[in-house]
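Peer 1: Right, I'll just put the structure down here and ask away after.
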Amino acid sequence: MGINTKVYLPAKARISDVSKVIGKLLRSKKISIESCIIPECAEINIINDKNTEHHFLYHFEFDSEGNHGIVISSTARNIAIAKGLVDFFGGKIDFNNCDCVECDYYIPEQLYINAEDGDEWDKLQYRINSIEPITLHHIKECNIFAAYKSF
């Protein structure tokens, strides 16, 4: 099984927007969303500007509170991605699912994350387009929280 990082996102977070945010964080050149054999999940696939593939299993029924979520290996890069997602949508992160702490990082649900039209939709699109990719500096900052150290 390994040690994982659990990312809890508000139920209002649409998979299409989550994939766009991950794509921006990873400098994607291709994003796809595919169904999988688990009915309550879908797979987000990203190919970044260096042709590296990244795969994320997105859970629509992540917990009893109705949150959506992603479980990823507890590495510094993945924690940096998790922080980017939670900073954007709100939610919480458990950096290490094998320790006694359930919530290591929390941001309240953000505004307009499920906007469909008008000014709110424009604000959502502006926020998505303003996302800066994660850098080596971000990854190094997250190394302290990672179960699997990169540095």
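Bear in mind these aren't lab numbers, they're just calculated from the coordinates by the rules spelled out. The model shown is predicted, which means the values in this text are computed figures rather than measured ones. When we count neighbours, we look across all protein chains shown, and the Cβ atoms used for this are built from the backbone with ideal geometry, even at glycine.
Peer 1: Only loop residues by DSSP count here, and only those with at most 15 other Cβ atoms within 10 Å; note down the GluC sites (Glu not before Pro) in region 1-92 that meet that.
Peer 2: Values: sites: 34, 40, 43, 53, 61, 65; in loops: 40, 61, 65.
Passing sites in region 1-92 are 40, 61, 65.
Peer 1: Also, quick follow-up: So if the hydrodynamic radius of region 45-89 is defined as the Kirkwood radius over C-alpha pairs, what does Stokes-Einstein give as its diffusion coefficient at 20 °C and 1.002 mPa s, in µm² per second? Show your work: numbers first, answer last.
Peer 2: Details: Rh = 11.9 Å.
Estimated via Stokes-Einstein, D reaches 180 µm²/s.
Peer 1: Test of understanding: what is the full-extension gain from residue 38 to residue 102, defined as 0.36 nm times their sequence separation minus their Cα-Cα distance? Walk me through the numbers on the way to the answer.
Peer 2: Numbers: separation 64, 0.36 × 64 = 23.04 nm, distance 2.46 nm.
Extra length available between residue 38 and residue 102 comes to 20.6 nm.
Peer 1: Next up: Under the Karplus relation 6.51 cos²θ - 1.76 cosθ + 1.60, θ = phi - 60°, what is the ordered set of whole-Hz ³J(HN,Hα) values for region 11-21, x standing for Gly and Pro?
Peer 2: 4, 6, 6, 7, 4, 5, 6, 4, 5, 5, 5
Peer 1: Only helical DSSP H runs with n ≥ 4 go in: add -39500 (n - 2.57) per run for the chain, normalise by residue count and round the 222 nm mean residue ellipticity to 500 deg cm²/dmol.
Peer 2: Values: 4 runs with 44 residues, N = 151.
Taken over the chain, the calculation gives -9000 deg cm²/dmol.
Peer 1: If you don't mind, there's one more thing I want to ask. By how many nm would the segment from residue 143 to residue 120 lengthen if fully extended, with 0.36 nm per residue of separation less the alpha-carbon distance? Let's see the in-between values first.
Peer 2: Values: separation 23, 0.36 × 23 = 8.28 nm, distance 3.54 nm.
Gain on extension, residue 143 to residue 120, equals 4.7 nm.
Peer 1: Here's a follow-up. Using a Gaussian network for the chain with springs between C-alpha atoms less than 10 Å apart, which of these wobbles most: 133, 108, 39?
Peer 2: Among 133, 108, 39, the largest mean-square fluctuation in the Gaussian network model of the chain belongs to 39.
Peer 1: Given H placed 1.01 Å from N in the peptide plane, which residues other than close sequence neighbours of residue 73 have an amide H under 5 Å from its amide H?
Peer 2: Here the answer is 5, since their amide H atoms fall under 5 Å of that of residue 73.
Peer 1: Mind jotting down the distance between the C-alpha centroids of region 107-151 and region 25-61, whole Å?
Peer 2: Between the Cα centres of region 25-61 and region 107-151 lies a distance of 16 Å.
Peer 1: Okay, next question. Under a 10 Å cutoff between Cα atoms, tell me which one of 25, 57, 136 has the largest fluctuation in the Gaussian network model of the chain.
Peer 2: Of 25, 57, 136, the Gaussian network model singles out 136 as fluctuating most.
Peer 1: Return the ratio Rg/(2.2 N^0.38 Å) for region 4-145, where Rg is computed over Cα atoms only.
Peer 2: Working: Rg = 14.4 Å, N = 142, 2.2 N^0.38 = 14.5 Å.
Compared with the compact-globule rule of thumb, region 4-145 sits at 0.99.
Peer 1: From the cross-link list 30/140; 12/92; 12/149; 6/50, which pairs have alpha carbons spaced over 24 Å apart? Numbers along the way, then the final one.
Peer 2: Details: 30/140 26 Å; 12/92 14 Å; 12/149 33 Å; 6/50 26 Å.
Over 24 Å apart, Cα to Cα: 30/140; 12/149; 6/50.
Peer 1: What residue among 118, 90, 66 shows peak mean-square fluctuation when the chain is described by a Gaussian network model with Cα springs under 10 Å?
Peer 2: 118
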